[in-house]
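Written below as structure tokens is the structure these notes are about.
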Amino acid sequence: MTTLPSLLRTSLLLLAAAVCVQAAPFPDELKVGGFAVGCQAYTFNRFSVFEAIDKTASTGAKVIEFYPGQKLSLEEPTVKFSHDAPQEVWEKVKAKLAEKGLTAVAYGVVGLSKDEAASRKVFEFAKFFGIRVINTESVDAIDTFEKLVKEYDIKVGFHDHPKRPDHPEYKMWDPEYILSIVKDRDPRIGSCADIGHWVRSGLKPLDCVRILKGRIMSSHMKDLNVPLPSGHDVLWGTGVSDVPAILDEYKAQGFEGPISVEYEYNWENSVVDAAGCIGFVRGYGAKK
């Protein structure tokens, strides 16, 4: 028969384990409006990493999310930045971040391999930059990278692209599917909640966020002009998504980021639009 002291001891051990996997909160100096919100460098994929850093800094953001394969700089356009780049390239990017006062907080969407050595390269890259979340769609590698999540204390978020009628086997768009994958896994494995792609899939983002309560590791925020696959990005708060309600739900869940502005429209001149999205969150925080 289990005694009360042993039950209490078990409960305390479980509580201690839960505390151990809680990431340290983002410092206030990295937040805007209460969230660690910045730009996904893909917003500036017509430009180099160095230019993306400059442009992100000019929006008023304090954080940035990188993606693999972007050219390094105007001076070295043939050099690609990723976890496969030599460390001297990483050093150049780290110095550029310091120059602009930005912090890298996420990386993706990047493939993770069943091969532990290959996946470890991504985690080593994240460790080098202090990145907190790796965003992927590599469901088949979860047994491999779950071990690395525990070892490195770095989160992994499963990203959702839109539903694909011509590829019914693609299920990442469905938050219930994501939940089924992660519910019995390490608490640091969850969703990279792409709001706009849920809209393109015919879903209500607020419902999706609630389904994934406690399992949102990062977010790509988009607000679209129409609730159709053809919808394009507009300033947050002017489209079809209830962005304030989504931010309210994030706050209620204790999720403070990273949130990335992934503005996939007006590609050549999107800095003002991205800054407007950052400003929206600043205004949201001021009202709260």
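The values are calculated or read from the model by the stated rules, or taken from the named source; none is laboratory data. A quick note: this is a predicted structure, and the numbers were derived from the prediction, not measured. As a convention, Cβ positions derive from the backbone with ideal geometry for all residues, glycine included, and neighbour counts pool all protein chains shown. Quick note on the areas: whole protein, heavy atoms, side chains included, nothing else; ligands and nucleic acids left out. Shrake-Rupley method; radii C 1.70, N 1.55, O 1.52, S 1.80 Å.
The rows are residues; the columns are (1) free of Cβ contacts under 8 Å to residues at least 24 places away in the same chain; (2) more than 19 Å from Glu262 (Cβ to Cβ).
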{"site": "Thr56", "(1), (2)": "no, no"}
{"site": "Phe66", "(1), (2)": "no, no"}
{"site": "Lys80", "(1), (2)": "yes, yes"}
{"site": "Pro86", "(1), (2)": "yes, yes"}
{"site": "Ala106", "(1), (2)": "no, no"}
{"site": "Leu112", "(1), (2)": "no, yes"}
Going through the stretch 226-256 in order, the residues found to be in contact with a Leu (Cβ under 8 Å, 6 or more places away or on another chain) and small (Gly, Ala, Ser) are Gly231, Gly239, Ser241, Ala245
Could you say whether any residue in the stretch 193-200 is touching a strand residue (DSSP E or B) at 6+ places or on another chain (Cβ under 8 Å), assigned to a loop (DSSP other than H, G, I, E, B) and of a type in the set (A, V, I, L, M, F, W, C)? no
Yes/no for Ala274 being part of a helix (DSSP H, G or I), more than 16 Å from Ala61 (Cβ to Cβ), among the aliphatic types (A, V, I, L, M) and at pLDDT 95 or above: no
Within the stretch 268-285, residues being open to solvent by 60 Å² or more (accessible area, probe 1.4 Å) and either over 30 Å from Ile154 (Cα atoms) or among the aliphatic types (A, V, I, L, M) (or both) number 3
Looking at the stretch 32-41, can you tell me whether even one residue there is in a helix (DSSP H, G or I) and modelled with pLDDT of 95 or more? yes
On the basis of being under 19 Å from Ile64 (Cβ atoms) and either open to solvent by 10 Å² or more (accessible area, probe 1.4 Å) or free of Cβ contacts under 8 Å to residues at least 40 places away in the same chain (or both), does Glu256 make the cut? yes
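For every residue, the table says whether it meets (1) surrounded by 16 or more Cβ atoms within 10 Å (Cβ to Cβ); (2) acidic (Asp, Glu); (3) farther than 26 Å from Cys39 by Cα.
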residue: Gly157; (1), (2), (3): yes, no, no
residue: Pro162; (1), (2), (3): yes, no, no
residue: Pro165; (1), (2), (3): no, no, yes
residue: Glu169; (1), (2), (3): no, yes, yes
residue: Glu176; (1), (2), (3): no, yes, yes
residue: Gly196; (1), (2), (3): yes, no, no
residue: Lys204; (1), (2), (3): no, no, no
residue: Ser219; (1), (2), (3): yes, no, no
residue: Asp223; (1), (2), (3): yes, yes, no
Only listed residue being more than 30 Å from Pro25 (Cβ to Cβ) and at pLDDT 95 or above, chosen from Ser138, Ser113, Ser119: Ser113
Take the conditions touching a Pro at 6+ places or on another chain (Cβ under 7 Å), among the aromatic types (Phe, Trp, Tyr) and not in a strand (DSSP E or B) and apply them to Tyr265. Does it pass? no
Among helices (runs of 4 or more DSSP H) lying entirely in the stretch 87-179, which contain 3 or more residues that are among the acidic types (Asp, Glu)? 87-100, 142-152
Got at least one residue in the stretch 8-21 being modelled with pLDDT under 95 and assigned to a loop (DSSP other than H, G, I, E, B)? yes
Name every residue in the stretch 60-80 that is open to solvent by less than 10 Å² (accessible area, probe 1.4 Å) and over 18 Å from the mean Cα position of the chain (by Cα), in order of residue number. Leu72, Ser73
Run Ile246 past the list (1) surrounded by 24 or more Cβ atoms within 10 Å (Cβ to Cβ); (2) among the hydrophobic types (A, V, I, L, M, F, W, C); (3) in a helix (DSSP H, G or I); (4) touching a residue at least 40 places away in the same chain (Cβ under 8 Å) and report the number of the one that doesn't hold. (1)
